[in-house]
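Structure record follows, encoded as C-alpha cells.
The values are calculated or read from the model by the stated rules, or taken from the named source; none is laboratory data. Since we're looking at a predicted model, the values are computed, not measured. Neighbour counts are summed over all protein chains in view; Cβ atoms, including those assigned to glycine, are modelled from backbone coordinates with ideal geometry. To get the accessible areas, we keep the full protein, side chains included, count just its heavy atoms, and leave off ligands, DNA and RNA. Shrake-Rupley method; radii C 1.70, N 1.55, O 1.52, S 1.80 Å.
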Amino acid sequence: MRKWLLGSIVLLTAVFMVSWQLIAKEPEKDEMVLPVQTGSGVTLRNANDLHLLTRVVAAEAGGEPYEGQVAVAAVLLNRVKSPSFPNSVAGVVYQPLAFESVMNGLIWRVNDLATAERAARAALNGWDPTYGSLFFWNPSKPVSRWIWTRKIVRQIGDHVFGI
Amino acid sequence: MRRWYGWLIAGLLAVAVVTWGFGHWRNQQRLANALESNYQRDFYTVVEQVEQLEAILGKGLVSGSSRQQVFFLTEVWSRANTAQSALGQLPFTDLNLSASRKFLAQMGDYAYTMAKRIAGGQELDDEQIQQLESFYREIREYGRVLQRTEQELHENGYRWAAALTGRSSPRNQVPETRQVSSELDGFKEMEQRFDGLPVLIYDGPFSDQIGETEPKGLTGMKKIDREEAERQAEQFVNQMAGGNYKAVRSSEIEGPIPAYGVTLDGQGRSGIIMADVSAQGGKVLAFLNSRPVSNANLTAEEAERKAQAFLEDRDFKGFEKTYGITENNTRWIVYAATDGEVRLYPDQVKVQVALDDGEIVGFDGTMYYANHHRRDLPEPELTPEKAESKLASNLEVKSRRLALIPLTGGREVLTYEFITDFNGENYLVYINAVTGDEENILKLVDTPQGELTI
C-alpha cells in the first residue's frame with residue numbers, strides 16, 4: 001500500500017515536471033534575431049520588442065476590434081519615432097505612468113495574445129489607422145482636461161486617437 | 001486553565017501578525033528605496049547632461065576648426081539623447097513634459113545634422129549659427145533652473161517614488177484637481193518656455209512639419225460625401241472574387257489626409273473589413289480584414305501573383321515588388337511605382353494576402369497617395385560605370401538600377417541602387433546619380449519570413 005502511494009507520488013511529480021518543462025520551453029514563434037527596420041520605420045532590436053508590443057496591445061485594447069488593436073500598436077510606434085517620447089519600444093512601454101496596464105501588471109497576466117500579435121505585426125509592417133496619433137484614451141472614463149486639448153483624429157471602438 | 005490557553009493563543013497570534021507585518025514593511029521599504037535610487041540617478045543624469053551640454057555647445061560655437069566643430073556637435077547629439085532618455089523615465093503625475101523632451105531630442109538631432117553638413121565640407125550659414133546660439137541660450141537657462149530645482153528637491157526631501165503610490169494613475173487619467181508639487185515648478189516653468197519656441201525646419205528626422213502637408217497624390221480631385229465614400233469602399237473591396245461586402249457604418253477621420261473610416265460586413269463571410277476612403281478623390285487609402293488565417297495552402301509566389309492581379313484590377317499599373325515577408329499564414333508584399341526605368345520608392349503600396357484562399361486581407365496605399373505626383377526627374381549625370389566606381393572596392397556588385405529614394409526632411413534624390421555582396425552578406429548602396437555622393441546604405445537580412453533591411 002505504502003509502496004503504491006510512494007510510486008504514484010513519484011509518477012505525479014515526474015508528470016508535473018515534464019509538463020512544466022514543456023510549458024516553459026514552448027518555442028517562440030519568431031526567429032528574428034537582428035535589429036530590423038520594419039515597414040513602419042521603427043527598428044526592432046529583436047523578437048522581444050514584438051512580444052512586448054503584443055502584450056501592451058492585448059492589455060490596453062484586448063476587447064477592442066482588430067483595427068482598434070492595430071491602432072494602439074501604431075500609437076506606440078509613433079511614440080518611438082516622436083522626439084517627445086523615448087526612442088525605443090521598451091522606453092515607450094516602461095515610461096512611468098504612461099500605461100495603466102504596465103502599472104497594475106496586467107500586461108504580464110494577459111494570455112489571449114493571438115489577435116494582439118497580428119495587430120502588432122500589422123502596425124510594424126506600416127499600417128497606421130491613427131495617421132500619426134501619439135495618444136489614445138477612453139472618452140467614457142475620467143480623463144484629464146489636458147488630454148482633450150489634443151487634436152482628435154478618429155475614434156475606433158471605445159478609444160479616441162489624437163495627436 | 002482554558003483562559004490561560006486563550007491568552008497564549010491570542011499572544012502568539014499578535015506576535016505572528018506583528019512579525020509578518022514588519023517583514024512586509026521592511027521589504028516594501030527596500031523596494032521603495034531601490035526605486036527611489038533609480039529615479040534620483042535619472043534626475044542627476046538630466047541635470048549633469050544639461051550642464052555638460054551648455055559647456056560643449058559653447059565650445060562648438062567658439063571653435064574655428066571644422067574638425068573640432070564636428071566633434072563638439074556630435075557630442076551634443078549624444079548627450080542630448082542621454083538627457084532626453086533619462087527625463088522620459090522620471091515619474092511626473094500631473095505634469096506633461098512633451099515639449100521639454102522634444103527640445104532635447106530636436107537639439108541633439110539638429111546638432112547632428114549640422115555635424116554631418118560640416119563633415120560633408122559645407123559651412124554653416126548665419127541662420128544655422130543663430131539657431132545653435134538660440135539652443136545655447138535655452139540650454140543655459142535650463143541648466144540654471146534645474147540647479148535651482150535640485151536644491152529645492154534636496155531641501156524638501158522630495159521622493160520621486162511617492163508619485164507612484166496612493167491615488168496615482170496614468171497621466172491621461174488624472175483629474176486636474178490635484179496640484180503639482182511646488183518643488184517641480186522648475187520643470188513646469190521650462191516646459192512652458194519650450195512649448196513657446198518657434199517651429200524649427202531643417203533636414204533632419206525631428207524637423208517640425210511646415211503646416212499641413214497636402215497629400216500629393218490627391219491634388220485636384222474633387223470632394224466626396226460620406227455616402228459616396230461608402231460606395232467607393234464597397235466597390236474597391238468587392239472587386240475581389242465572391243466579395244459581397246456591405247458598408248454598415250462610417251465615421252470621419254481628421255488626420256493629415258482627411259478621410260472616412262468605413263466598416264464593411266461580409267454578409268456571412270468571416271471577418272469585418274475596415275476601409276479608409278479619402279474625402280478628396282474618394283480613394284481607398286487602406287483597408288484591413290480582421291479575419292485570422294489559420295493555415296497556408298498557397299506558396300509565396302502564388303500569393304504574389306494574386307497581389308499583382310489585385311493591384312492591376314484597381315489601376316495600379318507598372319508597380320514592381322520590392323520585398324515580401326510571410327507572417328501568420330499571410331504574405332505581406334511591398335510594391336513601388338516606376339517611372340520609365342526608375343523605381344520610385346516613395347510611391348509605395350503594401351498588400352497582404354491570406355495564404356489559405358488567396359484573399360487580399362490588407363492594403364495600404366497611404367504612402368502612395370501622400371507622395372505620388374508627376375515628377376520632373378533629373379537626367380543622371382553619372383554613367384552607371386562611373387557611379388559604380390564610387391563604391392568601396394571590397395564590394396562585389398550583383399545588380400544595379402535607377403531609384404528615387406526619400407531622404408530625411410522630405411527630400412527625394414535620384415540614385416543608382418547597387419545590390420552588393422560583402423563577405424557573403426548583401427548591402428544596398430545608393431549613389432546619387434547627379435552628384436555622385438553616397439546617400440544611403442541598407443543591409444539586407446534574410447530572415448525565415450523573407451528579406452528585411454536594416
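Side notes on the structure shown:
- Set of lysines near B:Lys306 by C-alpha distance (under 29 Å), chain-local residues within fewer than 8 positions excluded: A:Lys29, B:Lys216, B:Lys246, B:Lys283, B:Lys317, B:Lys321, B:Lys350, B:Lys398, B:Lys443
- Within the range B:385-411, backbone nitrogen closer than 19 Å to the virtual label 7 Å beyond the Cα of B:Asn423 toward Cβ: B:392-398
- With all protein chains modelled, accessible area of A:Lys151 [1.4 Å, Å²]: 100
- Listed residues B:Lys398, B:Lys222, B:Lys246 arranged by accessible area, highest first, probe 1.4 Å: B:Lys222, B:Lys398, B:Lys246
- Accessible area (Å², 1.4 Å probe, nearest 10) - A:Arg109: 140
- Interface A:B - total buried accessible surface [probe 1.4 Å, Å², rounded to 100]: 4600
- The range B:384-453: radius of gyration over Cα atoms, expressed as a fraction of 2.2 N^0.38 Å: 1.12
- The range B:268-372 pair-distance distribution - Cα-Cα, 5 Å bins, rounded %: 2, 13, 23, 23, 20, 12, 5, 1, 0
- Rounded, prolate or oblate (a/c below 1.5 giving rounded, otherwise prolate when a/b exceeds b/c) for the protein assembly as shown by Cα gyration tensor: oblate
- Put A:His159, B:His372, B:His24 in order of accessible area, highest first, and with a 1.4 Å probe you get B:His24, B:His372, A:His159.
- Solvent exposure ordering (accessible area, 1.4 Å, most first) of B:Trp4, B:Trp77, A:Trp148, B:Trp160: B:Trp4, A:Trp148, B:Trp77, B:Trp160
- For the range B:317-454: rounded, prolate or oblate by the Cα gyration tensor [a/c cutoff 1.5]: oblate
- Cα gyration tensor of the range B:39-167 - equivalent ellipsoid semi-axes, whole Å, descending: 32, 14, 11
- Lysines whose Cα lies under 17 Å from that of A:Lys81, excluding same-chain neighbours fewer than 8 positions away: B:Lys102
- Between 0 and 90 degrees, the angle of helix B:98-119 with respect to the longest Cα principal axis of chain B falls at about 50 degrees.
- Carbon and sulfur %, accessible surface of the range A:45-130 computed with the full protein complex present, 1.4 Å: 48
- The lysines within cross-link reach of B:Lys59, meaning a Cα-to-Cα straight distance under 22 Å and a gap of 8 or more places when in the same chain, are B:Lys116.
- Expressed as a whole percent, the accessible surface of chain B that belongs to carbon and sulfur atoms is 49, based on a 1.4 Å probe.
- In this structure the protein assembly as shown gives 51 Å² per residue of accessible area when probed at 1.4 Å with all protein chains present.
- The slack in the chain from B:Glu48 to B:Asn440, taken as 0.36 nm per residue of separation less the alpha-carbon distance, amounts to 137.7 nm.
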